[in-house]
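Engineer: Below is a structure I'd like to ask you about.
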Amino acid sequence: MPLTLRVRDVLEGGVVMLDENRTAMEALKAMIENNVWSVVVTVKGIPTGVVTEHDILRRAVMKGLDLDKVRLKDIMSCPLITISPDASFGEAWKLMVEKNIRRVYVVEEGKIIGRVTRTGLFQKLLDAVLALASLKTLM
């Protein structure tokens, strides 16, 4: 019997949403306060894009821009890449590899309910492998 992990089994909470007119500095502060490395950018309350720590570094810091003046709408990546909570672990991994992204947001009934990260997926995979290895030694 195959064991199938679903996105809902491995998703993480802690999704931070900020309006498009907030600044890069505000986004960094929110990331640090919430121990995450991305924020979802909303336009008129609708999740539209994402700003990561890398976006801030590449699109603002490396250009010498003032982080207190750079608006998220000017540095966000969009569209927001999403996945269903019922998608398989493998589908999430494949999507991140194909899109060359490190996180994907989980949407159910039109609302973001969490996110899945490459690091988180790798940790869950490692946990599963170790659990299966320990079962084999018990047999």
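Engineer: For region 7-138, calculate the relative contact order in percent as a whole number, restricting contacts to Cα pairs under 8 Å that are 6 or more residues apart. Mind showing how you got there, number by number?
Structural biologist: Values: 192 pairs, mean separation 34.5, N = 132.
Rounded, it is 26 percent for region 7-138.
Engineer: For the chain, state what percent of all Cα-Cα pairs lands in each successive 10 Å bin, counting from 0 Å until the bin that includes the largest distance.
Structural biologist: Answer for the chain: a P(r) of 12, 38, 30, 14, 6, 2, 0 percent.
Engineer: OK, next. List, in order, the whole-Hz ³J(HN,Hα) value for each residue of region 37-45 obtained from phi through the Karplus relation with A = 6.51, B = -1.76, C = 1.60 and θ = phi - 60°; use x for Gly and Pro.
Structural biologist: Ordered by residue, 3J(HN,Hα) equals 10, 7, 10, 7, 9, 9, 10, 6, x Hz.
Engineer: Shifting gears a bit: At 0.36 nm per residue, minus the direct Cα-Cα distance, what do GLU12 and ASP86 gain on full extension? Give it in nm, one decimal, please.
Structural biologist: Residue separation times 0.36 nm, minus the Cα-Cα distance, leaves 25.2 nm.
Engineer: Strictly over 23 Å apart at the Cα level, which of LYS44/LYS69; LYS94/LYS124; LYS44/LYS73; LYS69/LYS111 would you flag in this model?
Structural biologist: LYS69/LYS111
Engineer: Residue separation times 0.36 nm, minus the C-alpha to C-alpha distance between VAL129 and LYS63: what's the value?
Structural biologist: Working: separation 66, 0.36 × 66 = 23.76 nm, distance 4.33 nm.
Separation in residues times 0.36 nm, less the Cα-Cα distance, equals 19.4 nm.
Engineer: Under a Cβ-only charge scheme (Lys and Arg +1, Asp and Glu -1), can you give me the dipole magnitude of the chain about the Cα centre, in debye to the nearest 20?
Structural biologist: Numbers: 20 positive and 17 negative charges, 57 e Å.
Approximately 280 debye in magnitude.
Engineer: Now for a different question. Find how much the distance from ARG102 to LYS29 grows on full extension, using 0.36 nm per residue of separation minus their present alpha carbon separation; answer in nm with one decimal. Provide the component values of the computation, followed by the final result.
Structural biologist: Working: separation 73, 0.36 × 73 = 26.28 nm, distance 2.03 nm.
Gain in length upon complete extension: 24.3 nm.
Engineer: Show the residues, 5+ positions off or on another chain, whose built amide H is closer than 5 Å to the amide H of THR48.
Structural biologist: Answer set, sorted by chain and number: VAL41, THR42, VAL43.
Any read-out appearing in this document is the output of simple, stated calculations on the displayed coordinates, not a laboratory observation. These numbers were taken from a predicted model, which means no experiment stands behind them. All Cβ positions, glycine included, derive from the backbone under ideal geometry; neighbour counts span all protein chains shown.
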